[in-house]
1. Which one of these does residue A:64 not meet: (1) open to solvent by less than 20 Å² (accessible area, probe 1.4 Å); (2) of a type in the set (D, E, K, R); (3) within 14 Å of chain B (Cβ to nearest Cβ)?
2. If we scan segment B:106-123, do we find a residue that is out of contact with any Leu (no Cβ under 7 Å at 6 or more places or on another chain) and at pLDDT below 95?
3. Can you name the residue in segment B:305-328 that is in contact (Cβ under 8 Å) with a residue 40 or more places away in the chain and hydroxyl-bearing (Ser, Thr, Tyr) and, of all such residues, is surrounded by the most Cβ atoms within 10 Å (Cβ to Cβ)?
4. Go through (1) modelled with pLDDT under 95; (2) basic (Lys, Arg); (3) touching a Pro at 6+ places or on another chain (Cβ under 9 Å) one by one and return the number of the condition residue B:50 breaks.
5. Do you know which residues across segment B:324-377 are of a type in the set (Asp, Glu) and within 10 Å of another protein chain (Cβ to nearest Cβ)?
6. Quick one: which of B:247, B:242 is without any contact (Cβ under 8 Å) to a residue 12 or more places away in the chain, in a loop (DSSP other than H, G, I, E, B) and closer than 30 Å to residue B:171 by Cβ?
7. In segment B:233-249, what count of residues is obtained for those that are of a type in the set (Val, Ile, Thr) and more than 14 Å from chain A (Cβ to nearest Cβ)?
8. Picking from A:111, A:125, which residue would you name as being under 30 Å from residue B:374 (Cβ atoms), in contact with a helix residue (DSSP H, G or I) (Cβ under 9 Å, 6 or more places away or on another chain) and away from every other protein chain (no Cβ under 14 Å)?
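The values are calculated or read from the model by the stated rules, or taken from the named source; none is laboratory data. Owing to the predicted nature of the structure, the values given are computational and were not obtained by experimental measurement. Please note: Cβ atoms are built from the backbone with ideal geometry, for glycine as well, and neighbour counts cover all protein chains shown. Surface accessibility is based on the protein's heavy atoms, side chains included, excluding ligands, DNA and RNA. Shrake-Rupley method; radii C 1.70, N 1.55, O 1.52, S 1.80 Å.
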Amino acid sequence: MKILPMLLLLCPALVSATEFCPDARPTDAWGVSYQLSGDKQGTLLLLRQQAQTAFYNPQNQIAEWWRFDNPKHPQFSRVFGEAKRRIDYYAGDLRTLGVRVSQAEIESFTSEHLRQVLTKVPQSSCTTAEAYEGEYQQVHYQLLWSTTLGLPLVLETEVGGKVSRWQAQQLLTNDTVKQQLQQWQRYQRTDFADVGDNDQDPFLAKMINQGFVEHSEHAAYDSHGHPLGNHGH
Amino acid sequence: MKLKAIVLAMMTLSALTLAGCGSDGEKGATGATGATGADGSNGQDGTDGRDYTAANEWFMAGQDAVTKASGNSISDSAGKAKNIILFVGDGMGISTLTAARIYQGQQQGKSGEENRLSFETFPYSGLVKTYSANQQTPDSAPTMTAIVTGVKTKDGIISVSDAAVRDQCSTSTGHEVMTALELAEIAGMSTGIISTARLTHATPAATYAHSVERNWEADSDMPQAALDAGCKDIASQLIDFPYGDGPEVAMGGGRTYFMPNTETDPEYGRAGRRNDGRDLTTEWTSKYSDGAYVWNRAQFMSVDTNSVKHLLGLFENSHMQYEADRVNGDGAGEPSLAEMTSRALDMLKQNDSGYFLMVEGGRIDHAHHAGNAARALEDTVALSDAVRVAIEKADKDTLILVTADHSHVFTIAGYPVRGNPILGLVRGVDASGAAATTYSTDSNGMPYTTLGYANGPGFGFGSAAVNTDSNRPDLNLYAVTDVDYRQEATVPLGSETHAGEDVAVYAKGPGAQLVTGSVEQNMLFHVMNYAANLVGRAEAAQN
């Protein structure tokens, strides 16, 4: 009984997200622009075209690009727009890095499991969305889930007092998404397995020295509630 | 009586050691005769315990090994080897061999340390210096060039001498160096190239291609200036191979490097990498009327090795799967390294003029770069299995060499009790020498694994919260023996690096006695050339 007033207090924050409330899912290529606020700032673009999903940070021009043409062999690329370079990861590479991949989790930005462990709460402004809230593995979540897009309209996390909020802003057009993916297709590519043999390549040497697969840019979560992209020791 | 024998052996050793202390190149003066020693008392079997040599398994095994080795007085003449099989474990340093030996033994339910990889039974072995013409720690391009051409070159360069400059096409002209595989083809021998990496990767490429840049695997990888200057991409050089009747066997990964960008990969649906429109897989079957092209295990198993004389197998669009993932991790199915070796030998043995076969375990290197020891060890064991097939199938007139191109910064450390899981946390021994009841710990009280890397992506495990208290993760919380576990690294790098120390070489068959001591890597070509008289046979075939 005590929890009800608290949920009601949370509702205004979720309701404000319903300014963007798509009632139909676009076909072919499409995307969603998210505004990041709180502990992480900036813009994040989610791009979708058939079995492809990409998370693109236009500020640093870095993208994480997944392809599930063969679901048993998900292919992942980390794209570096400024250098016009791409690092391709094959299934074996992902396994060596301890990255376990779920197509559904990648495509929906967050895991179905997360929605199952959170509590569904009422919200009214967007009739094609469901609101969730709760604590999971020391992270407090607020989630507004678009049932038409199969994506969060709002995802807010709080860990140790640090709040990060992803809020959907607008849909991206077919042409925008296709052009972006085609551009990345033309970039010079290197297999992740070959990076270590190429320390004389200035770009790859920088990657070797700095590392480039450790931290997820998009903060999608796996079925255990861990950010995707973390290596699994 | 046997105790006296041991003393005698120790005195002999001592004398040899002292002799070695003389000034370089000079024999030291004979010393004064020592006093006559007292005769030791004779031990009584089973009574006073001093006659332990008859019962001690270590003593007996060592004695037996020396007895067998003392029979080795082979001095093969040049050209005595009809065939050559060269195995290369990419990145298979000595620590990798030791760990893989223990890993395989423990997989068989044994302690592990006593196990021997197939090639560790070979009668001859030595150490190989791997530095390249311009780097202390090399990459696979100059090291494999040294092994198959007899000359060292610069890093990144494939079967072109060090007179050339990496990535500068014009500098290659006139500096291409003949490879053992090319000589074998000219001599009328059959030849084969097998790798679990891309066939266009540096190690297999060095057997058939010449390039001042190892990354020029397809034409789309090359700068326009290099194409205009007439340099050829590596994949096309396999198909356009100009010597003899071309390689009889070429199997590995790298399918998209042979496909035009207008075609999509049959397994993944992605476009090929060739901009020149050439489909090198169809060119293979067009060029060789008795040829076949396969891209999955079912096709591979159905090849009739009696009728197919030129077999191209490309089982992945890039590198083949790791052995640990091969069976369950690949939808289309891939043959193992042992299966490829077996079928290749079935084909190559049909030539009465002999054969040259190179087999690479190409993914040991990649797993190490990723800091993932389990997969590196699995692939090393897979190479050992392939060598075992060769031992069984090759005739006695075959020289078999097993070596590595370079090492990795991979360590086996701590003082684990014998039989401790090689991938596990270190559990030492107690004061009585028996297994300790708890794990060994560092100065922070944290456990650590036996295997680790001097550098690489395993540093600190990223942003894991457990890293903050001790500057090391609490490995009690991790499944350290899991195949996906990534070992800790001392220096943080996105990719673990090669190492510069010597690697091992093992030899069996005619000419194997030449493999001994510490040698330069390019000497291995000369061993093969001496044993099989490659140059002589090639010259004779041209007359």
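1. Unmet for residue A:64, out of (1) open to solvent by less than 20 Å² (accessible area, probe 1.4 Å); (2) of a type in the set (D, E, K, R); (3) within 14 Å of chain B (Cβ to nearest Cβ): (3).
2. Checking segment B:106-123: at least one residue is out of contact with any Leu (no Cβ under 7 Å at 6 or more places or on another chain) and at pLDDT below 95.
3. Filtering segment B:305-328 for residues that are in contact (Cβ under 8 Å) with a residue 40 or more places away in the chain and hydroxyl-bearing (Ser, Thr, Tyr), the one surrounded by the most Cβ atoms within 10 Å (Cβ to Cβ) comes out as B:322.
4. Failing condition for residue B:50: (3).
5. Within segment B:324-377, B:325, B:330, B:365 qualify.
6. B:242 is the lone residue from the list that is without any contact (Cβ under 8 Å) to a residue 12 or more places away in the chain, in a loop (DSSP other than H, G, I, E, B) and closer than 30 Å to residue B:171 by Cβ.
7. 2
8. Of A:111, A:125, the one residue that is under 30 Å from residue B:374 (Cβ atoms), in contact with a helix residue (DSSP H, G or I) (Cβ under 9 Å, 6 or more places away or on another chain) and away from every other protein chain (no Cβ under 14 Å) is A:111.
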